[in-house]
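The values are calculated or read from the model by the stated rules, or taken from the named source; none is laboratory data. Owing to the predicted nature of the structure, the values given are computational and were not obtained by experimental measurement. Note that each Cβ is placed from the backbone with ideal geometry, even for glycine, and that neighbours are counted across all protein chains shown. Accessible surface areas use protein heavy atoms only, side chains included; no ligands, DNA or RNA. Shrake-Rupley method; radii C 1.70, N 1.55, O 1.52, S 1.80 Å.
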Amino acid sequence: MQKVDLSKKPYYLSESDIQWVEDTIQSMTTEEKIGQLFINLFHGMNSDNAKSMIDKFHLGGARYLSKDSKTVHRFLNDLQKNSKIPMLIAANTDSGADGAISDGTYISTAAMAEASGNITNAHDAGYVAGREATAIGCNWTFNPIVDILGEWRNTIVNNRAFGKDPEVVLKHARAYVKGVQKSNMLVCAKHFPGDGVIERDQHLVLGVNELSCDEWDKSFGKVYKELIDDGIETVMVGHIALPEYSYKLNPDLTYQDILPASLSVELLDTLLKEKLGFNGLVVTDASHMVGIAAAMEREKAVPTTIASGCDMFLFFNDPEEDFEFMLNGYKNGIITEERLLDALRRILGLKAKLKLHEKQANGTLITDPSILDVVGCEEHLEMAKVAVDRGISLIKDTWNQLPITPITHKRVRLHTLFGETNGLLSTNNDAEKIIVEELEKAGFEVTLNDGSTRIKGKISDLKENYDVALIFADVVGYAAENNYRIRWRCAQSTDVPWFIYEIPTVFVSLNFTTHLSDVPMVKTYINAYKDTQETIHQVIQKIMGESEFKGQSFNDNVWCESWETKR
C-alpha cells in the first residue's frame, strides 16, 4: 500500500498542520472515522434535516443539487456550522459557476474551449468557477474533466471533454486548473482511468476502457501523470475497467476477476499511486451508478472501494445501510486499520491545506452574504461574452448559404428539437422562447413548426410562405440512454430536414457536437455548445454576418466517421 506523505505534493503541510491531522484522528470514535469517508448528496436545502444527517453519520463531505446563490450559501454555511470537523463541499463546475448555482456564470464548455483554439476559455471557466463557487461555500470542484473523446458516439463527455488529442486535453486542463487555483479551491481530475473511448455510460453499465497498455500510457496516462506532477490534489475514479493494465499488473487475474478502477487495487494502488506517483486523495465516482453494481454485491463493494485505494465514497444509496456496510467492512478486516488511517490522513490533510480548521477556529469559515456580489459580476459576464464569441463554430456551409438576414430571408420557419423532458438534465422550452425572442429582435418573422405531424404539404406553399428554415437542437439527457441522438417528435416528423433543396436550411446544435450523424443532409451546420441567452444571441448575429465565426473544429469527431456528413 502506498502511504500518504502530508509534507509533500500536493499537501505541503507544516508540522503543526500535520499534528492537527494526527490529533484529530486520535480524538475520533470509530463511527466518526467511518463517517469521514462519505460524501453525501443533499437533495434539498433543509438545514434541520442536514444536521440530523451530519450528527448521525459524521459526514466528511457534501454535494448538493443546485439552487440560487443565496439559498445555497445559507445552506452551506449551515453545513459547516453543524459539522464538528469542517467539511469538504464539492460542485461540478465544468463550464464555469453555472454548475454550482443556478445563477452562476457560464463561460465555456470544454468542447467550446477546444474550438476556440486557445486556452483562455478553459482558464476563464476555471477562474469564474473558483471565484463564484468559493463565494457560496464550496471548496472543491470535481473538475477538470480530462477524458479523451476517441469515440464520437460517446455522449457522456461529448461536450465536456477538451477533445481527442491528449496534448490538447492536457493543455486546456492545465489552463482550467490555473484558473481555479486563483481561489482557495481543490481541483479533481476525472474520470480515471478514462472515459470517452466507448459509447456506453458507466451510469448504466460497467464502463470498459479497452486501450492497450502502450496506448493508455501515451494518452490517458500522459495526461494524468503530468497533472499529478503539477500537483493536482484529487482524482475521481470511474466505475470503468482497464483490462489490459489489470492483466499486466496482476498476471494471475482471470476474465472474471476484472474490476472497475473504483474497486481495483491494481489500478488504484499500483498504477495510480505507485506508477504515476499520486500522493493525493482518491474519490469514487457516484456510487449509485450501475457500473459498480455490475461488479459485485453492494455490501462488499462499499468497503472494497476504500480497501482498494479510494479515500472517499461518493453518495449513499441508503445512508443507514451503506454506513453499516462500511463500518462492518472495517470491523471484518476488508478495510485494514492501516488503510483507514491512510484515507483519513488524505482527507484531513486536504482540509488542513485549505486551512478549514483554522477558519473554523477563528470564525471565518462562515461567510457573510455580501461575498455573493462576485456572482454574475460585470467582469465575469464580459468573460462569458468573449468566450462565446471565440467558440461558436461553423462546421460546414458547403452551399454558401450564409449570411441569412431579415433583408434577404425575412420569413423563418423555426424548428426546435429537445431531449429528455423529465430527467436530471432535462430541457424545457426556455431555449425555444429565447430563440424566438432573439430572432424577432433581429427583425425576422418567425413561425414555429409543429413537428408532431408528418404531413408535409405542398412544396409551392413552403416556398411561398418561408424564406429560410432554422433548426435549433437542444438535446441533452442524463443516464437514461447510453448515448443521446435526435429523437423526432413522430415518425417522419416535419422537423426532419426534408426541405434542404427547397429553402435554405441552417442547423444549430446548442449542446452535442455530433448531430451530423442524424442530419447529414444539412449543408450549413453550426456547433454553439450551450443554450444560454448570450450564446443564442451571438449565434444569430453570426448567422446574419454581423459577427464572424471564430471557433473551429480541431478534431474529426464532428463528421461521425461518415463521408456523407461532409457534403
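Within region 470-490, residues that are within 13 Å of Phe418 (Cα to Cα) and among the basic types (Lys, Arg) sit with their Cβ atoms under 9 Å from residues that are modelled with pLDDT under 95 and part of a strand (DSSP E or B), at 6+ positions apart or across chains, in these pairs: Arg487/Phe418. Against the numbered list (1) in a loop (DSSP other than H, G, I, E, B); (2) more than 16 Å from Pro403 (Cα to Cα); (3) touching a residue at least 40 places away in the same chain (Cβ under 8 Å), Gly545 comes up short only at (2). Leu206 falls short of the stated requirement of being of a type in the set (A, V, I, L, M), without any contact (Cβ under 8 Å) to a residue 40 or more places away in the chain and open to solvent by 10 Å² or more (accessible area, probe 1.4 Å). Within region 245-269, the set of residues being over 21 Å from Ser287 (Cα atoms) and in contact with a Phe, Trp or Tyr (Cβ under 9 Å, 6 or more places away or on another chain) comprises Tyr245, Leu253. The criterion of at least 1 residues that are more than 24 Å from the chain's Cα centre (by Cα) is met by the following helices (runs of 4 or more DSSP H) wholly inside region 275-382: 298-308, 319-331, 337-353, 356-362. For region 468-479, indicate whether the set of residues that are open to solvent by less than 10 Å² (accessible area, probe 1.4 Å), among the β-branched types (Val, Ile, Thr), over 21 Å from Lys410 (Cβ atoms) and not in a strand (DSSP E or B) is non-empty. Yes, region 468-479 has at least one match. Being open to solvent by 60 Å² or more (accessible area, probe 1.4 Å), free of Cβ contacts under 8 Å to residues at least 60 places away in the same chain and within 30 Å of the chain's Cα centre (by Cα) is a property that Asn400 lacks. Only one of the listed residues (Thr93, Thr105) is closer than 30 Å to Val168 by Cα and in contact with a Leu (Cβ under 9 Å, 6 or more places away or on another chain). That residue is Thr105. Counting the residues of region 166-184 that are buried (at least 24 other Cβ atoms within 10 Å of the Cβ) and assigned to a loop (DSSP other than H, G, I, E, B) gives 0.
Screening Val197 against (1) more than 24 Å from Ile392 (Cβ to Cβ); (2) touching a Pro at 6+ places or on another chain (Cβ under 8 Å) leaves a single unmet condition, (2). When the residues of region 285-306 are filtered to those that are touching a helix residue (DSSP H, G or I) at 6+ places or on another chain (Cβ under 6 Å) and not β-branched (Val, Ile, Thr), the one that is farthest from Phe142 (Cα to Cα) is Glu299. Screening the candidates Asp342, Asp373 for the property of being at pLDDT 95 or above and under 30 Å from Gln533 (Cβ atoms) yields one hit, Asp373.
Number of residues in region 209-224 that are open to solvent by 10 Å² or more (accessible area, probe 1.4 Å) and either at positive phi or assigned to a helix (DSSP H, G or I) (or both) equals 6.
In region 268-286 there is at least one residue matching the filter, namely being over 23 Å from Arg174 (Cβ atoms), of a type in the set (A, V, I, L, M, F, W, C) and surrounded by 24 or more Cβ atoms within 10 Å (Cβ to Cβ).
A quick yes/no check of all residues on (1) assigned to a helix (DSSP H, G or I); (2) of a type outside the set (S, T, N, Q); (3) without any contact (Cβ under 8 Å) to a residue 60 or more places away in the chain:
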position	(1), (2), (3)
Lys3	no, yes, no
Ser7	no, no, yes
Thr24	yes, no, no
Lys33	yes, yes, no
Arg63	no, yes, no
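Counting only residues that are farther than 12 Å from Phe162 by Cβ and open to solvent by less than 10 Å² (accessible area, probe 1.4 Å), region 106-125 holds 1 of them. Pull up region 79-105, narrow it to residues that are among the β-branched types (Val, Ile, Thr) and over 24 Å from Ile54 (Cα atoms), then point me to the one that is surrounded by the most Cβ atoms within 10 Å (Cβ to Cβ). Checking each candidate, the answer is Thr93.
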